[in-house]
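The values are calculated or read from the model by the stated rules, or taken from the named source; none is laboratory data. This one's a predicted model, so the numbers in the text were calculated from it and none came from an experiment. Quick reminder, even Gly has a Cβ in these numbers, built from the backbone with ideal geometry, and neighbours come from all protein chains shown. The protein model used for the area step is the full one, side chains on, heavy atoms only, and it has no ligands, DNA or RNA in it. Shrake-Rupley method; radii C 1.70, N 1.55, O 1.52, S 1.80 Å.
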Amino acid sequence: THAIVAVYGHLSVSFVDSLFLLHLQRILSSFSSRLSKLFNRPSVTATTRALKVIFHDLPGGPEAFELVTRFCYSHGKMQITPTNACLLHCAAHFMEMTEDVASSPSLIKQTEKSIEGIPYWSWPEILNALKQCQDLSPVVNSTGISEKVLDSLVARIVSSINTSPSNSSPESSGFRFSCDTRSTISTKNTYHRAWWFEDLAILNTDVIDKITKTMISRKVEHATISRFLFYYLKTRFSNATSPEKIKVMEVVVDLLYSLDRSSVSCKGLFGILHLSSCLNLTKCCRGRLESMIGFQLDQATLDNLLVPSPPGVSHLYDVNLVLRFLKSFLGSSGRMSIARLKRVGSLMDLYLSEVAPDPCLKPQKFVTLAMALPDAARDSYDGVYRAIVMYLEVHAAVSEEEKMKICCAMNYEKLSSESCKHLASRNSKFPSRTAIQALVSQQSKLRSLLQDTDSYKSAPLGTTILGKELNEGEQVILYAKKLDLSTENEKLKAHLRGMQWRVMELEKLCRKMQTQMAKIVKTRIPTSGGARSLPRLCS
């Protein structure tokens with residue numbers, strides 16, 4: 001609150017630590033319509049008591065009022081520079097200094113003329129003016145001066161970028177968040193930090209929001225904007241209070257969300273995720289952050305995904321968070337290549353192996369995680385099989401029904417012969433039916449392979465097989481670089497024959513046991529009584 005105390009013809013204007021004694025009616029009233037109307041009221045002119053005038057939210061405070069009084073006492077001949085133009089312009093609007101006095105234009109006209117020369121201002125002068133504008137809200141917003149200064153600043157940045165454009169990718173920005181909980185945030189500064197990053201870091205979030213949106217409209221490279229926003233977050237985050245951190249982070253996340261997804265650093269997003277763990281962000285902000293990470297999930301590492309579970313959740317790692325990442329990733333399927341899908345498949349195999357030993361991880365959650373990706377994401381299911389092996393070893397109390405549900409996450413046709421052999425002959429933790437499924441799938445795969453081989457051998461010359469015409473004297477080798485028919489297939493055949501022989505022996509033994517049990521029952525139970533049927537051991 002700024003007080004103006006008028007005693008007769010003199011004005012005492014008191015601020016916090018400033019005191020000005022002025023002549024009121026003759027000087028200030030001639031330039032300020034606001035003061036003129038105030039002191040021309042009959043109730044004011046008739047009083048003989050000390051008059052106290054209170055101005056609320058005078059833009060610029062004592063500094064601005066001192067400049068206004070100097071302008072008035074110099075009869076409108078004060079020099080207006082880029083340093084004081086914005087401050088004087090806002091104060092003039094507040095004091096309604098719109099009237100020309102004698103031969104001197106009004107203060108508003110003079111400041112407007114000065115601001116028209118903003119294209120010739122230096123970078124420090126534009127930056128200082130913009131900083132003044134952020135401190136003069138909301139008056140500055142109604143005058144339109146803030147937009148002019150902001151547009152001029154962005155134009156300088158665009159001109160600089162066009163002169164020396166940066167072709168670096170967002171991942172090479174050099175701004176990497178530290179996961180060390182002892183420090184809030186740390187970065188590595190490289191040459192990718194533009195010269196204007198540090199200058200703009202002093203501005204508040206409202207101004208940064210406007211600058212960023214203006215740069216987007218001016219077609220500034222999104223990767224450059226992304227690097228700046230990460231730098232701004234790092235700079236403002238260090239010494240901020242918790243509410244300030246939330247404000248900065250929410251603004252930065254919203255602005256990053258408006259950029260092209262591929263221009264935002266995946267590592268930087270995981271850094272924000274780590275920092276946000278102790279902050280109460282809005283649901284919308286957190287959802288946007290997870291959506292951006294999910295879109296680039298193929299660029300993540302296993303360490304990125306090993307996020308501890310929030311309080312109140314029993315299992316070790318935040319599996320629900322990873323499932324949300326996967327949902328966002330699959331939701332971008334319109335722009336997804338098979339290569340990206342397979343990279344995520346390999347990443348999820350590593351993640352499954354990491355969370356499988358967790359004794360608190362429920363079977364249903366493990367199955368949901370293992371089956372979250374489509375079958376095309378994996379060329380081999382050996383990684384899923386190894387994770388299931390570890391899970392069943394730790395969770396010995398899992399029922400047979402739950403084991404079957406867990407095994408449904410595997411595609412047996414994409415298991416290697418080694419995994420099938422291990423599953424069929426050595427792993428007692430798995431249900432017996434899974435071993436048979438593995439053998440059947442491998443036998444089917446071998447039969448299909450042999451049929452393809454026979455078709456090559458029996459095909460006449462000139463026949464086109466798999467897009468290739470067989471010519472006379474041309475040797476055809478089926479998948480020579482991928483399969484060794486003389487070794488791998490022979491081993492598989494031998495293994496299948498051994499398994500078939502063991503199955504036949506078990507069937508013989510089963511029938512023999514059934515016969516013996518039937519004889520024992522007949523000798524012990526009278527024929528008049530109804531004999532109970534025995535369970536069928538083998539079909």
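Being buried (at least 18 other Cβ atoms within 10 Å of the Cβ) and of a type in the set (Ser, Thr, Tyr) is the filter; apply it to segment 216-244 and report the residue that is farthest from Leu255 (Cα to Cα).
Thr235
Of the numbered conditions (1) open to solvent by less than 40 Å² (accessible area, probe 1.4 Å); (2) within 21 Å of Glu290 (Cβ to Cβ), Arg378 satisfies every one except a single condition; which is it?
It is condition (2) that Arg378 fails.
Among the residues of segment 107-131 satisfying the criterion of being in contact (Cβ under 8 Å) with a residue 60 or more places away in the chain and closer than 21 Å to Leu203 by Cα, which is farthest from the chain's Cα centre (by Cα)?
Filtering segment 107-131 for residues that are in contact (Cβ under 8 Å) with a residue 60 or more places away in the chain and closer than 21 Å to Leu203 by Cα, the one farthest from the chain's Cα centre (by Cα) comes out as Trp123.
Which of the residues spanning segment 341-358 are surrounded by 18 or more Cβ atoms within 10 Å (Cβ to Cβ) and either assigned to a helix (DSSP H, G or I) or at positive phi (or both)? Lay out the reasoning, then the answer.
Start the filter on segment 341-358 by keeping residues that are surrounded by 18 or more Cβ atoms within 10 Å (Cβ to Cβ), which leaves 341, 344-345, 347-349, 351-353, 355-356, 358.
Within segment 341-358, Leu341, Val344, Gly345, Leu347, Met348, Asp349, Tyr351, Leu352, Ser353, Val355 meet the criteria.
Looking only at segment 60-83, count how many residues are within 50 Å of the chain's Cα centre (by Cα) and open to solvent by less than 20 Å² (accessible area, probe 1.4 Å).
Matching residues across segment 60-83 total 4.
Let me confirm something: among Leu361, Leu321, which residue is touching a residue at least 12 places away in the same chain (Cβ under 8 Å) and in a loop (DSSP other than H, G, I, E, B)?
Leu361
With the condition kept exactly as written, say whether any residue in segment 91-98 is open to solvent by less than 10 Å² (accessible area, probe 1.4 Å) and on the phi > 0 side of the Ramachandran plot.
Taking every residue of segment 91-98 in turn, none turns out to be open to solvent by less than 10 Å² (accessible area, probe 1.4 Å) and on the phi > 0 side of the Ramachandran plot.
Looking only at residues in segment 36-50 that are open to solvent by less than 40 Å² (accessible area, probe 1.4 Å) and of a type outside the set (S, T, N, Q), which one is modelled with the highest pLDDT?
If we take residues in segment 36-50 being open to solvent by less than 40 Å² (accessible area, probe 1.4 Å) and of a type outside the set (S, T, N, Q), then Leu38 is modelled with the highest pLDDT.
Can you list the helices (runs of 4 or more DSSP H) lying wholly within segment 87-168 that have 3 or more residues being assigned by the TED database to the domain that holds Phe71?
Helices (runs of 4 or more DSSP H) meeting the threshold: 107-116.
Quick grid of which residues meet (1) in contact (Cβ under 8 Å) with a residue 40 or more places away in the chain; (2) over 11 Å from the mean Cα position of the chain (by Cα); (3) over 30 Å from Ser152 (Cβ atoms):
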| position | (1), (2), (3) |
| --- | --- |
| Val220 | yes, yes, no |
| Tyr232 | no, yes, no |
| Leu256 | no, no, no |
| Ser265 | yes, no, no |
| Thr282 | no, yes, yes |
| Leu289 | no, no, yes |
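Going by the structure shown, is Glu198 at pLDDT below 95, more than 30 Å from Pro138 (Cα to Cα), outside any loop (DSSP other than H, G, I, E, B) and out of contact with any strand residue (DSSP E or B) (no Cβ under 8 Å at 6 or more places or on another chain)? Break it down stepwise before answering.
On the way: at pLDDT below 95: yes; more than 30 Å from Pro138 (Cα to Cα): no; outside any loop (DSSP other than H, G, I, E, B): yes; out of contact with any strand residue (DSSP E or B) (no Cβ under 8 Å at 6 or more places or on another chain): yes.
No: the conditions fail for Glu198.
Need the failing condition index for Cys538 against (1) of a type in the set (A, V, I, L, M, F, W, C); (2) modelled with pLDDT of 70 or more; (3) within 28 Å of Ile436 (Cα to Cα), just the number.
Going through the list (1) of a type in the set (A, V, I, L, M, F, W, C); (2) modelled with pLDDT of 70 or more; (3) within 28 Å of Ile436 (Cα to Cα), Cys538 breaks only (2).
Are there any pairs with C-beta distances below 6 angstrom linking a residue in segment 385-398 that is outside the structural domain of Phe366 (by the TED database) to a residue that is surrounded by fewer than 17 Cβ atoms within 10 Å (Cβ to Cβ) and at pLDDT below 90, with the two at least 6 apart or on different chains, and if so which?
Sorted first by the residue in segment 385-398, then by its partner, the list stays empty.
Residues in segment 279-307 that are touching an Asp or Glu at 6+ places or on another chain (Cβ under 9 Å) and open to solvent by 70 Å² or more (accessible area, probe 1.4 Å): how many?
Qualifying residue count for the region: 3.
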